[in-house]
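Notes follow once the structure below has been shown.
The values are calculated or read from the model by the stated rules, or taken from the named source; none is laboratory data. What you are looking at is a predicted structure, and each value in this text was computed from that prediction instead of being measured. For neighbour counting, all protein chains shown are included, and Cβ atoms are generated from backbone atoms with ideal geometry for every residue, glycine included. All accessible areas refer to the heavy atoms of the entire protein, side chains included, with ligands and DNA or RNA removed. Shrake-Rupley method; radii C 1.70, N 1.55, O 1.52, S 1.80 Å.
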Amino acid sequence: MNRPELADFLRRGRARLTPSDVGLTPGARRRTPGLRREEVAALAGMSVDYYTRLEQSRGPRPSRQMLTALARALRLTDVEQDHLFHLAGEEPPRRETASAHVRPGLLLILDRLHDTPAQVVNDCGEVLAQNTMAKALVGDVMSRPRRDRNLIRRFFLDPAARDLFPEEDAAVHARAHVSALRAVAASRPDDPEPAALVAELRAASAEFAALWEEHEVSLRNRATKRFLHPVVGLLELDCEVMLSHEHHHLLIVHSARPGTQAYERLELLRVVGLQDLSPSEAQTP
């Protein structure tokens with residue numbers, strides 16, 4: 001681990017960003033350019049003290065998960081992310097798997113969607129990034145341990161994960177999850193991630209195992225989904241799915257048509273924000 005070079009790289013990465021680059025409001029005039037340390041720490045999901053020590057060349061070696069979070073917070077390119085891993089004494093992630101690194105351009109789009117829920121999910125169901133409206137709708141997934149960020153795993157193994165949907169819609173969501181995961185597993189036979197997830201769910205969920213045996217296959221695409229929000233009530237939203245094939249990422253956006261009850265409730269949700277959500281909220285793309 002090259003602590004001085006890592007510290008310098010982090011400082012320079014922080015200095016080149018503005019609050020608007022990461023979806024934050026500028027606030028009061030800043031004495032120095034770039035983001036504040038506490039802003040980078042919040043974006044990466046780490047303590048300010050831990051991040052400060054990294055910038056001061058005295059922190060412990062970051063985990064691979066923490067390096068990925070830093071790369072996302074600082075909007076690093078693939079090459080810059082690899083450099084970050086090398087400075088920390090780690091091998092960069094393999095490109096042939098579904099990378100957890102979200103491209104800066106995709107994050108920029110996410111940050112610009114202020115009034116509609118949107119999140120980036122990999123094709124195995126792991127949430128990689130959310131905007132504020134997505135957190136208000138389905139909960140702050142990024143605050144959970146990485147294992148609990150997988151929407152397919154939670155849907156089949158955590159009963160609370162279905163509370164955001166009308167009971168009669170659960171079978172449709174279950175079938176969509178299984179058929180999409182089958183397509184992913186078949187397209188990447190040498191990638192251990194989808195294979196391990198399939199094996200885990202077939203062993204732990206009789207519902208998943210039964211649906212898997214039906215051998216249905218599909219991709220996530222445009223649909224209409226209904227959410228049961230604990231504060232604003234039922235929302236019937238249009239779901240648009242945009243693909244980033246190179247990294248197996250999906251940008252999932254939920255919107256409502258103007259003039260509808262769902263549109264009014266989505267506007268209310270934007271005002272309410274996160275204040276009424278509990279940490280146990282379920283979620284799905």
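I'd like to check which helices (runs of 4 or more DSSP H) are fully inside the range 1-82 and have at least 2 residues that are open to solvent by less than 50 Å² (accessible area, probe 1.4 Å) and over 25 Å from Leu108 (Cα atoms).
Values: elements: 3-15, 37-44, 48-55, 64-73.
In the range 1-82, 48-55 are the helices (runs of 4 or more DSSP H) which contain 2 or more residues that are open to solvent by less than 50 Å² (accessible area, probe 1.4 Å) and over 25 Å from Leu108 (Cα atoms).
Just a yes or no: is a residue in the range 9-29 within 23 Å of Arg144 (Cβ to Cβ), touching a helix residue (DSSP H, G or I) at 6+ places or on another chain (Cβ under 9 Å), at pLDDT 90 or above and aromatic (Phe, Trp, Tyr)? Looking through the range 9-29, none of the residues is within 23 Å of Arg144 (Cβ to Cβ), touching a helix residue (DSSP H, G or I) at 6+ places or on another chain (Cβ under 9 Å), at pLDDT 90 or above and aromatic (Phe, Trp, Tyr). With respect to (1) at positive phi; (2) in contact with a Ser or Thr (Cβ under 8 Å, 6 or more places away or on another chain), the lone exception for Thr116 is condition (1).
Taken over the range 131-161, the criterion of being open to solvent by 20 Å² or more (accessible area, probe 1.4 Å) and either touching a residue at least 60 places away in the same chain (Cβ under 8 Å) or not in a helix (DSSP H, G or I) (or both) is satisfied by Thr132, Lys135, Asp140, Met142, Ser143, Arg144, Pro145, Arg146, Asp158, Ala160.
Suppose we keep only residues that are among the aliphatic types (A, V, I, L, M) and without any contact (Cβ under 8 Å) to a residue 24 or more places away in the chain within the range 19-40. Which one would you say is nearest to Asp82 (Cα to Cα)? Taking the candidates together, the pick is Leu35.
If you scan the range 176-194, which residues turn out to be assigned to a helix (DSSP H, G or I) and surrounded by 15 or more Cβ atoms within 10 Å (Cβ to Cβ)? Hits for the range 176-194 are Ala176, His177, Val178, Ser179, Ala180, Leu181, Arg182, Ala183, Val184, Ala185, Glu193, Pro194. For the range 245-276, which positions are modelled with pLDDT under 90, under 29 Å from Gly105 (Cα atoms) and open to solvent by 30 Å² or more (accessible area, probe 1.4 Å)? Listed by number, the residues that qualify are His245, Glu246, His248, Arg270, Val271, Leu274. The residue that is nearest to Leu269 (Cα to Cα), counting only those in the range 107-128 that are open to solvent by 10 Å² or more (accessible area, probe 1.4 Å) and either at pLDDT 90 or above or within 12 Å of the chain's Cα centre (by Cα) (or both), is Thr116. The residue list Val79, Val22, Val102 contains one member that is under 30 Å from Ser187 (Cα atoms), within 15 Å of the chain's Cα centre (by Cα) and of a type in the set (Val, Ile, Thr), which is Val102.
A search for C-beta distances below 7 Å between a residue of the range 203-226 that is surrounded by fewer than 12 Cβ atoms within 10 Å (Cβ to Cβ) and any residue that is hydroxyl-bearing (Ser, Thr, Tyr) and modelled with pLDDT of 90 or more, counting only pairs 6+ apart in sequence or on different chains, returns nothing.
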